[in-house]
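Below is one structure, written out as structure tokens; comments come after it.
The values are calculated or read from the model by the stated rules, or taken from the named source; none is laboratory data. None of these values were measured; they are calculated from a predicted model. Virtual Cβ from ideal backbone geometry, glycine too; neighbours counted across all protein chains shown. What goes into the accessible areas is simple: the full protein's heavy atoms, side chains included, and nothing from ligands, DNA or RNA. Shrake-Rupley method; radii C 1.70, N 1.55, O 1.52, S 1.80 Å.
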Amino acid sequence: MAARIRFPPARFAVLLIAAAAVATISPAKPATAVPVSGPPAGPPPVPPAALLPAEAVPGQPAAREVFDVATALSTSDRSAGGECADVVHGRLLRPGAVSGQGFQTAVPGGQLSELVARTPQPPDLTAWAVQARRCARVTADDQDLPTVSTTTVAAGPTVPGAQTLSYQQVLTLPGQPAELPGLRLRTVAIAADGVLVLLRDAGATDLDLDTLAVAAWQHAAPRLGR
């Protein structure tokens, strides 16, 4: 998502990572051609009500940082992961026509993020899982800092008529001592019919992310006309 998590292990440089998994989306450039009539490009907007209500998140979450994906989301990570760059940075969406809403909030033990997006080019979560398995351990540059990404793919929750994805990523510095285990990210995504719902937690939150993601999907679907 738009904001970034900072993880400062003792006596080590800061790891900078994207908090919720999406492709780079730059703000739209001003139009230079003569305007033409017709329907606006892109998918319909996602209402903020599609996001999980605060009371649905277990524990005592802090105030939310809410953002609109189409206007607030822009990442500029420079990655040296080659074909594994999307996995290293957790990007499931491609640049292009995307509308959505997202939030991140501190929860006991870490941070939780949610993204609800509409796009005519939804990610193929099955193919993404295959790629994540190929990129199980990658060293890449994140803001000129070598970072080791270790990814483990798990079975996603069962959602009728939808693709699901569940994986865990651990980010460490090369040679980092075992007593500093790194930053753990867990991601669960559900996609169908041009709609993507994604939940990610960072740290040791102990959230049941699969159950929470299914609840987020069930909450968002009727608000998106599904």
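Here are a few things to note about the model shown:
- Among (1) open to solvent by less than 50 Å² (accessible area, probe 1.4 Å); (2) free of Cβ contacts under 8 Å to residues at least 24 places away in the same chain - the single one LEU198 does not satisfy: (2)
- The residues of the range 127-154 that are closer than 10 Å to TYR167 by Cβ and either at pLDDT below 90 or assigned to a helix (DSSP H, G or I) (or both), listed by number, are TRP128, ALA129, ALA132, ARG133.
- For the range 146-156, the criterion of being crowded, with 22+ Cβ neighbours inside 10 Å and among the β-branched types (Val, Ile, Thr) is met by at least one residue.
- Only listed residue being small (Gly, Ala, Ser) and surrounded by fewer than 16 Cβ atoms within 10 Å (Cβ to Cβ), chosen from ALA191, ALA221, ALA178, ALA132: ALA178
- Subset of the range 209-226 (residues that are closer than 18 Å to PRO58 by Cβ and touching a residue at least 60 places away in the same chain (Cβ under 8 Å)): LEU212, ALA215, ALA216, HIS219
- Test result for ALA204, within 23 Å of GLN111 (Cα to Cα), surrounded by fewer than 20 Cβ atoms within 10 Å (Cβ to Cβ) and either among the small types (Gly, Ala, Ser) or in contact with a helix residue (DSSP H, G or I) (Cβ under 7 Å, 6 or more places away or on another chain) (or both): yes
- Of GLY161, GLY175, all but one fail to be free of Cβ contacts under 8 Å to residues at least 24 places away in the same chain, out of contact with any Pro (no Cβ under 7 Å at 6 or more places or on another chain), assigned to a loop (DSSP other than H, G, I, E, B) and at positive phi; the exception is GLY175.
- Within the range 112-127, residues that are at negative phi and buried (at least 22 other Cβ atoms within 10 Å of the Cβ) reach partners that are of a type in the set (Ser, Thr, Tyr) and not in a strand (DSSP E or B) with beta carbons closer than 9 Å, at six or more positions or on different chains, in the pairs LEU112/THR205.
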